[in-house]
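Everything on this sheet refers to the single structure shown next.
The values are calculated or read from the model by the stated rules, or taken from the named source; none is laboratory data. In this text the structure is predicted, and so the values were computed from the model without any measurement. Glycine also receives a Cβ, built like all others from the backbone with ideal geometry; neighbour counts cover every protein chain displayed. When the accessible area is computed, the model is the full protein with side chains, heavy atoms only, and any ligands, DNA or RNA have been set aside. Shrake-Rupley method; radii C 1.70, N 1.55, O 1.52, S 1.80 Å.
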Amino acid sequence: MKKTSKQDHLVLGDVERMINLERELTQFNHERSLYLAESRLTVTQTGETTLLTDEMSPQSSYYNRVIGFGPSDLERLSAILEHYAAAGIDPCFDMSPDRQTSEVAEALAMQGFIPRLQLAFLKHERFGEDLEVGQTGRPPSRAEIEISRVSDEHEAVSFIRLIELSRGGDGTELDEVRVQSKSRYFYRDDFQNFVAYVGGEPAGMGSLFIRGDTGYLANDFTFPDHRSRGVQTALIHHRLRMASERGLNRVYTDVEFATASHGNMLKCGFELVYMNSFWMKSALPH
């Protein structure tokens, strides 16, 4: 019997695509970051494992991440840890369930790592169907929700201000030169950003990251005064419609398990593919 490759396997093919897409998205997010005054992201491949390292941001578990580590690279664990130790960094191991065997878990635990966070990774591949009804659910009928895509530098600068507001800031911490230099990332064809308005007031935001025939919904945020009014659901449906018009074959996303966002994604037709675990150094002695 012919052995099924990971790419041909119904679930493992999605895992591999999401791992690759997540790696590309991380690198892109690093390039467009508004908050890294100094940074230097390096990407090192060892076996099937990718090491993301930013020595200028040693506390960042997002930019100092080990992706794809599993049984086939278990003998490389010491070298991987030495790679980060040389920069004074405790990395985060981004573990998909197919790679998190008992041997891998035991080896990480022996080095003081524990699973401290999980994310649900979801897939949608039926968004080409009628978006008004059917498998994708019924989008909100509230006429007051209007969605606009960020399309030029001026709109990108305004969008960046909204990002700062979503983080609890007032815009004073942003460097104007950096805002101008980074604004070009926010209206690219492969990184589309959208703002939902209610009564002319910004109510929510969301992004669509595109690589090849695959999309990734990211950066969903609804401002507190507009929550529970269908804003995120409207943004999800809008981006799925954009993905359909673009001719994409599939769209992925990640959410914290059992959150409102998780529920909204399921209502819009997304399905769970797997749960990812993030292993980080324990704060307790072991």
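Identify all residues within the stretch 229-256 that are over 20 Å from residue 21 (Cα atoms) and touching a residue at least 40 places away in the same chain (Cβ under 8 Å); write none if there are none.
Across the stretch 229-256, the qualifying residues are 229, 230, 231, 233, 234, 235, 237, 238, 241.
Determine whether residue 249 is closer than 12 Å to residue 206 by Cα and open to solvent by 20 Å² or more (accessible area, probe 1.4 Å). Taking the combined requirement at face value, the residue does not satisfy it.
For the stretch 153-196, the candidate set comprises residues that are open to solvent by 70 Å² or more (accessible area, probe 1.4 Å) and of a type in the set (Ser, Thr, Tyr); within that set, the residue that is nearest to residue 32 (Cα to Cα) is 187. Please tell me if residue 258 is assigned to a loop (DSSP other than H, G, I, E, B) and either touching a Lys or Arg at 6+ places or on another chain (Cβ under 9 Å) or surrounded by fewer than 17 Cβ atoms within 10 Å (Cβ to Cβ) (or both). Yes: the conditions hold for residue 258.
Selection within the stretch 252-283: residues that are over 21 Å from residue 207 (Cβ atoms) and among the polar types (S, T, N, Q). The member of this set that is nearest to the chain's Cα centre (by Cα) is 277.
Taking the stretch 3-113 as the region of interest, the strands (runs of 3 or more DSSP E) fully inside it that hold 3 or more residues being among the polar types (S, T, N, Q) and surrounded by fewer than 17 Cβ atoms within 10 Å (Cβ to Cβ) are 41-46. Scanning the stretch 143-202 for residues that are hydroxyl-bearing (Ser, Thr, Tyr) and outside any helix (DSSP H, G or I) gives 148, 151, 172, 197. Before we move on, is residue 69 more than 24 Å from residue 183 (Cα to Cα), among the aromatic types (Phe, Trp, Tyr) and in contact (Cβ under 8 Å) with a residue 24 or more places away in the chain? Yes.
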